[in-house]
Amino acid sequence: MTGARRHTARGAALATAVLLGGMIPGAQAASGVQEIDVELAYTCDFPQGEQPVKVGITATIPESALPGQAIQPEDVVLDVTLPEGALTGSADSAAATVSAEMRLAVDVAQKGQEARAEWIGTTADASPIPSEGELPLSTSGGVPYVRPGAPGDLSLTAAGLTGVLTTRTADGAPTEPATTDLACVLDADQDPALATVDVAGEPESSAPAPSPSADWPGEDEEKPAADAPEVGARAEEPRPADAPPCVGDPDDQLNMVAYVTGYANVAKLNGASRFPLACGQITQGPSRLDLTEPGFMHVYQDSTVDLDYQGKTQLPPSQGTFLTFGFMPTTATLEMTQIPTETRADGTRAPNIKSDLAINLADFSSRNVTAITLELMLRLRDVEVNGVPLDVGDNCRTSRPFTLTLNGLGTFTPAEGSKGYTLATGGELTGSVTLPPFSGCGVDEDLDNLFTASLSGVPGYVKQVQGAPCAAAQGSGSGTPCTTGYEPVDVPKAAR
């Protein structure tokens, strides 16, 4: 599934430069490790006013390194303790659970040169909100490496903290509002020092000299000193067990791969079914400029996406549970297969992704609308009713293909930057789907009406989350959106 970080010409160039990021040269210096274990006091701006928040920071980092070698903090945990009553909702939308993403700014300094890293941690699961007392939240995640450019002590110090708290009611519904943004400043009496790494010796011979990154100024502007410390990409994290292979083609300049997952509401059951983590193979199409609307420049792009699971255009099989006769629990293996778009006479594929980027030429703000249309068939197998196998045969499926259209919206303003759904970053896509009647179900008896009555005919809301894609032709490894195996680094989590 796709969109585009093409809000402005500068935005497109920046996205391309990010995809072209290089690998980490050299190995981490052989040395002992030091433990980071500090607790700092912050003041955070909550909707009801400023409140104190305690932040515990733990990690391991090498004691020493050589110039040009990557220093990778590991086992990074941000433990955030919210004060009592920090999370409140309206009486009819009381928050019962909370999950968090916290972002700690870390200043990296060496020989008068500075850079800034961002340590991002997320909660593994939602935490219950206690009726009284403090609320502790533990977040963790991969963080950027740091590469010193010269000998001399390299210091890491904590700076500002931001976060997003997502709350839900006891029945799992989003609260109103669904999220709380935090902006926190370190209390003035706190010592922000995290660690100091001894960088000694000559630069490693295999390490290239630092080169400009996508965020550096133009050729005629002042650049950072050659020995400034460099902050790289977030470390690769272990692949989730349910992540299927999703390998890009480094020889195809137009190919990208991305993971996607999410939920679809089954209206008749008043419940939601989770889409398994799936791989999308994307072929980008050409862009077309349109200046016919006064004050705007439109950039249109048509592309193609195919699901990819073990060489087939389908989602990985998943288990689903629903009610037959309105009360009988029924489980089945669901196989969702995509019908690929046609191949035209010139050998190109008919697109199923339509993107419209509208750039306001007055202030260079933009709005990017993307529509992704998939033609699908659903097959049921391995059905059990109340734990008893039900033979539905080999051809129990929807009687005809059905259409799933997903829509994504991305915006850009000079003041707020990029938000929403883009090709370079992924994001949320929403739509709806209506299942047609079933056919071919049953061996000794016709079971079509049973599944049609349980699943078909009523539109269901669909919400998918796409991760940032891997453009394999632009390289792989640390500093790129691709693993060393040319799979996406970003593996999204399903959200309702």
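Key figures
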{"item": "Part-to-part distance (alpha-carbon centres) for region 166-181 and region 409-444, which is given in Å", "result": "21 Å"}
{"item": "Volume per residue of the C-alpha convex hull in region 68-174, rounded to whole Å³", "result": "106 Å³"}
{"item": "³J(HN,Hα), Karplus 6.51/-1.76/1.60, whole Hz, each residue of region 141-147, x for Gly, Pro", "result": "x, x, 10, x, 7, 10, 10"}
{"item": "Per-peptide average of other Cβ atoms within 10 Å, ordering 443-450, 484-491, 347-354 highest first", "result": "484-491, 347-354, 443-450"}
{"item": "Long-range amide H partners of ILE71 with built H, under 5 Å", "result": "VAL146, ARG147"}
{"item": "Members of LYS54/LYS493; LYS312/LYS419; LYS354/LYS419 lying beyond 22 Å, as alpha-carbon distances in this model show", "result": "LYS54/LYS493; LYS312/LYS419"}
{"item": "Alpha-carbon gyration tensor eigenvalues x 5, square-rooted, for region 255-474, Å", "result": "38, 18, 15"}
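Each reported figure results from applying straightforward, stated rules to the coordinates on display, with no laboratory input. What you are looking at is a predicted structure, and each value in this text was computed from that prediction instead of being measured. We place every Cβ from the backbone using ideal geometry, glycine too, and count neighbours over all the protein chains shown.
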